[in-house]
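The values are calculated or read from the model by the stated rules, or taken from the named source; none is laboratory data. Here the structure is a predicted model, which means the values were calculated and not measured. As a convention, Cβ positions derive from the backbone with ideal geometry for all residues, glycine included, and neighbour counts pool all protein chains shown.
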Ligand code: PFF
């Protein structure tokens, strides 16, 4: 049985536009700050091999499943899942999978927007020549002052959300499609310019050895789990972004071909980012600082690096424009599921829906923003309990000293995303009849059987292990077995 093939939001002009939009969603801050340092510090070439395996064994089947569900449902993830499960006689509760995805997307966007705001601010600072000739201590204290200045952060976070809302409110054709068709080529050109500069002028040998030299001793179970987790986040899976984009593609596109192209491009861009960043890091002997997980690092190291170069103003500005574009094209895909749902289910116009969704995310972002200025969960609980008339938090826990940002990151990337990934795999692999998915994916019998085997067994089991690891349950189980 097939579903009706209408979408009230409009369709991409063609396959290539979908490819650009989905790649824009996938290529984000994760590619630019996370991939290079994870790859370098987790075994270089050997990590890359494990990561590629994860992308193709877990990421590819899941991405195909999401695009397929989107294209079948032709609605926002919530309504697409409701519609598909109604037509195929499954429980209506499956629509909650779409709800969870939409909420995760809003939560992630709330802090993504704060960091996107940093990128905007640093573009202006780089262009003004502020970093020229600064010492390392100088740029570190510049960032510390910036990150604790709530007014500045608020202004940039607001500006980032406003641009995101503006793009999304213009709709699929005039907003999303227009934005990605000029931003993605610009992103690629800037990246290539930075790579050429780094390769010609900086320490490319050490960088290549760091990124690609295989060191199989570093491949521990932990590294494999990190590779799986990153594969999941970098492909924007599990939160409806790819599903909603899938609902705007036409019928004749090959889902497998498109997904493979998106994954290959995302990986190539992550590698190029490594080749732009690490030669500079090695030239300035900053590798000791760089091997840490922290998005703020790019803002602490690179102003110094560019400040020492003759063409620093131009290159520095290009670098932060690159970060801003990467953040913005991901942000619009995070807002789209909620906006599409508000338009469909609440009868709002697109501008109205975008403004509402954007406003709620902006509010949430304020808490993330304050957590960068030092607010932790204990402070928040104390404030709430004081407001409620009790003057102390209910009980003590070491978790309270964490920031709200850490909490959201843990809840979304480590907990909810894997859970929603497993459920998508179960739904498409076990509940959806094979003749339906086979017709929808329209692949050769052999490739279809591979996809089905992966989505039924490999994907859910692998994600489940990642989930156990992220929550600490795996370590507990291993200790139990060892005793
Ligand atoms: N893939 C993005 C990155 O690597 O930074 C993050 C992201 C964007 C996740 C959009 C999810 C999403 F829907």
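The residues listed here are 278, 359, 302; of these, the one that is away from the ligand (no atom under 14 Å from the Cβ), touching a residue at least 40 places away in the same chain (Cβ under 8 Å) and over 22 Å from residue 177 (Cβ atoms) is 278. Look at segment 317-331: where a residue is on the phi > 0 side of the Ramachandran plot and within 8 Å of the ligand (Cβ to nearest atom), no partner that is at pLDDT 95 or above and assigned to a helix (DSSP H, G or I) sits 6+ places away or on another chain with Cβ atoms under 9 Å. In segment 437-483, counting only helices (runs of 4 or more DSSP H) that sit wholly within it, the ones holding 1 or more residues that are exposed (fewer than 12 other Cβ atoms within 10 Å of the Cβ) and modelled with pLDDT under 85 span 473-482. Residue 48 fulfils the conditions (1) surrounded by 24 or more Cβ atoms within 10 Å (Cβ to Cβ); (2) closer than 30 Å to residue 207 by Cα except for a single criterion, (1). How many residues are in contact with a helix residue (DSSP H, G or I) (Cβ under 8 Å, 6 or more places away or on another chain) and not in a loop (DSSP other than H, G, I, E, B) if we restrict to segment 73-92? Total satisfying the criteria: 12.
Quick grid of which residues meet (1) within 16 Å of the ligand (Cβ to nearest atom); (2) modelled with pLDDT of 90 or more; (3) under 26 Å from residue 21 (Cβ atoms):
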{"site": "73", "(1), (2), (3)": "no, yes, yes"}
{"site": "82", "(1), (2), (3)": "no, yes, yes"}
{"site": "86", "(1), (2), (3)": "no, yes, no"}
{"site": "91", "(1), (2), (3)": "no, yes, no"}
{"site": "102", "(1), (2), (3)": "yes, yes, yes"}
{"site": "117", "(1), (2), (3)": "yes, yes, yes"}
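Set side by side, the residues 240, 246 differ, and just one is more than 15 Å from the chain's Cα centre (by Cα), in contact (Cβ under 8 Å) with a residue 12 or more places away in the chain and surrounded by 19 or more Cβ atoms within 10 Å (Cβ to Cβ), which is 246. Scanning segment 281-300 for residues that are under 20 Å from residue 201 (Cα atoms), within 22 Å of the chain's Cα centre (by Cα) and modelled with pLDDT of 75 or more yields a single hit, 298. All of 198, 207, 202 fail the test of being under 13 Å from residue 45 (Cα atoms), buried (at least 19 other Cβ atoms within 10 Å of the Cβ) and away from the ligand (no atom under 16 Å from the Cβ), apart from 207. Of the residues making up segment 41-53, those that are assigned to a helix (DSSP H, G or I) and away from the ligand (no atom under 15 Å from the Cβ) are 41, 45, 46, 47, 48, 49, 50, 52, 53. Looking across segment 11-40, the residues that are away from the ligand (no atom under 15 Å from the Cβ) and not in a helix (DSSP H, G or I) come down to 11, 12, 13, 14. Restricting 387, 356, 362 to those that are surrounded by fewer than 17 Cβ atoms within 10 Å (Cβ to Cβ) and modelled with pLDDT of 75 or more reduces the list to 356.
Mind checking whether some residue in segment 54-70 is part of a helix (DSSP H, G or I) and within 28 Å of residue 320 (Cα to Cα)? Within segment 54-70 (the criterion being part of a helix (DSSP H, G or I) and within 28 Å of residue 320 (Cα to Cα)), the answer is yes, since at least one residue qualifies. Scanning segment 210-242 for residues that are within 16 Å of the ligand (Cβ to nearest atom) and assigned to a helix (DSSP H, G or I) gives 226, 227, 228, 229, 230, 231, 232, 233, 234, 241, 242.
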